[in-house]
Amino acid sequence: MKNITMGGFGIAAARPAAITRIRIATVIAVLILWEGMARSGWLYEGVVPPLTAVAAAFARLLVTAATYRHLAVTGWEIAAGFVIGLAAGVAAGVVMGVRRFFGRAIAPYLDGLATAPKIIFLPIVMLMFGVGVESKIALGTLSAFFPVVLNTAAGMRQINPVWIRVGRSFRLTAWQMTRRIYLPALARSLAISMRLGLGVAIIGVLLAEIKLADSGLGFLAIEHYNHFRIPEMYALLLFIFILAIGANLLISRLLPGH
């Protein structure tokens, strides 16, 4: 038994190293493929620039003050949209879980709206909030709301009914039930909701900035595209990708048990 345990421990200990090797190999393979495409001449010149051009553009991006001005705008829009969408989604999901009849009644509408691309709501939020920062925040909020509310409502259906009966037997108020029973039981669902909500909030805000903005990382990306600054565009996309990964890792670190 000891040998089996030690063997199992050895396999478990080897897994992180194997995963790391696979990740490194994947990155190397993508870079080799990218450079091969850039030098093959199969695509229109400049569509896939050499890695050296992208790396140089990335270095320039990091030392340019305008990059961080645009980042501050986008960061504020994403943070505000994410927080508002998260709070509204959790509240609505809890209500749907507590009022099961109400939840079943509106579920088809939420499911339909959740699958619709949120960019179609941009004309509506522009009419309601104008073309400034508020419309970008509103689209980020809409994007974050739907995965959060659906995931929270699903989590509410998984709560042990015994816990709910105990809370009601102690005559807890709706707020006390939410704080002491619902939210602790929804810890895993909330963790997933936060990660999903952040991802789609980023997408919603960037799409809104691409369509109509005069600042922000989305605006900067479309400006590079319009002026055919392709290495700068790819460098900016890489910058956004790294920031998104960092934000996701930060949420994972802050959440208990993750």
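The values are calculated or read from the model by the stated rules, or taken from the named source; none is laboratory data. Just so it is clear, the structure is predicted and the values come from calculations on it, not from any experiment. Neighbour counts run over all protein chains shown; Cβ positions are idealised from the backbone, glycine included.
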Query raised in the report: Considering GLY199, GLY204, GLY167, which residue is within 16 Å of SER143 (Cα to Cα), in contact (Cβ under 8 Å) with a residue 12 or more places away in the chain, surrounded by fewer than 19 Cβ atoms within 10 Å (Cβ to Cβ) and not hydroxyl-bearing (Ser, Thr, Tyr)?
Result: GLY199
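Tell me yes or no: at least one residue of the range 240-251 is assigned to a loop (DSSP other than H, G, I, E, B) and at pLDDT 90 or above. Explain how you work it out, then say what you get.
Here is the first cut: in the range 240-251, the residues assigned to a loop (DSSP other than H, G, I, E, B) are none.
No, there is no match, as no residue in the range 240-251 is assigned to a loop (DSSP other than H, G, I, E, B) and at pLDDT 90 or above.
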Query raised in the report: Which residue pairs have Cβ atoms closer than 7 Å, lie 6 or more positions apart in sequence or on different chains, and pair a first residue in the range 4-28 that is within 25 Å of LEU51 (Cβ to Cβ) and at pLDDT below 85 with a second residue that is assigned to a helix (DSSP H, G or I) and among the polar types (S, T, N, Q)?
Result: none
Query raised in the report: So which residues in the range 134-158 are buried (at least 17 other Cβ atoms within 10 Å of the Cβ) and of a type in the set (A, V, I, L, M, F, W, C), if there are any at all?
Result: ILE137, ALA138, LEU139, LEU142, ALA144, PHE145, PHE146, VAL148, VAL149, LEU150, ALA153, MET156
**Report entry** Cβ-Cβ under 8 Å pairs, at least 6 apart or on other chains, the range 134-157 side farther than 21 Å from GLY216 by Cβ, far side not in a helix (DSSP H, G or I)
**Finding:** THR152/LEU186; GLY155/LEU186; MET156/LEU186
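A quick yes/no check of all residues on (1) charged (D, E, K, R); (2) in the same structural domain as ILE230 (by TED's automatic domain parsing); (3) in contact (Cβ under 8 Å) with a residue 12 or more places away in the chain:
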residue	(1), (2), (3)
ALA38	no, no, yes
VAL63	no, yes, no
GLU77	yes, yes, yes
VAL83	no, yes, no
LEU110	no, yes, yes
Query raised in the report: Residue check, ASP214 against (1) of a type in the set (D, E, K, R); (2) more than 30 Å from GLY97 (Cβ to Cβ); (3) without any contact (Cβ under 8 Å) to a residue 60 or more places away in the chain; (4) surrounded by 15 or more Cβ atoms within 10 Å (Cβ to Cβ), all met but one. Which one?
Result: (4)
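Among the helices (runs of 4 or more DSSP H) contained in the range 49-117, which hold 1 or more residues that are closer than 23 Å to LEU198 by Cα and modelled with pLDDT of 90 or more?
Details: elements: 51-62, 65-98, 100-115.
Qualifying helices (runs of 4 or more DSSP H): 65-98.
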Query raised in the report: Given (1) surrounded by 12 or more Cβ atoms within 10 Å (Cβ to Cβ); (2) within 22 Å of LEU183 (Cα to Cα), where does ARG104 come up short, assuming only one miss?
Result: (1)
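Can you confirm whether ALA235 is of a type in the set (A, V, I, L, M), more than 25 Å from ALA114 (Cα to Cα), part of a helix (DSSP H, G or I) and in contact (Cβ under 8 Å) with a residue 12 or more places away in the chain? Steps first, answer last, please.
Numbers: of a type in the set (A, V, I, L, M): yes; more than 25 Å from ALA114 (Cα to Cα): yes; part of a helix (DSSP H, G or I): yes; in contact (Cβ under 8 Å) with a residue 12 or more places away in the chain: yes.
Spelling it out, ALA235 is indeed of a type in the set (A, V, I, L, M), more than 25 Å from ALA114 (Cα to Cα), part of a helix (DSSP H, G or I) and in contact (Cβ under 8 Å) with a residue 12 or more places away in the chain.
Do the conditions hold for SER135, that is, is it in contact with a Phe, Trp or Tyr (Cβ under 6 Å, 6 or more places away or on another chain), under 18 Å from GLY81 (Cα atoms) and among the hydroxyl-bearing types (Ser, Thr, Tyr)? Break it down into steps so the answer makes sense when it comes.
Details: in contact with a Phe, Trp or Tyr (Cβ under 6 Å, 6 or more places away or on another chain): yes; under 18 Å from GLY81 (Cα atoms): yes; among the hydroxyl-bearing types (Ser, Thr, Tyr): yes.
So SER135 passes the test.
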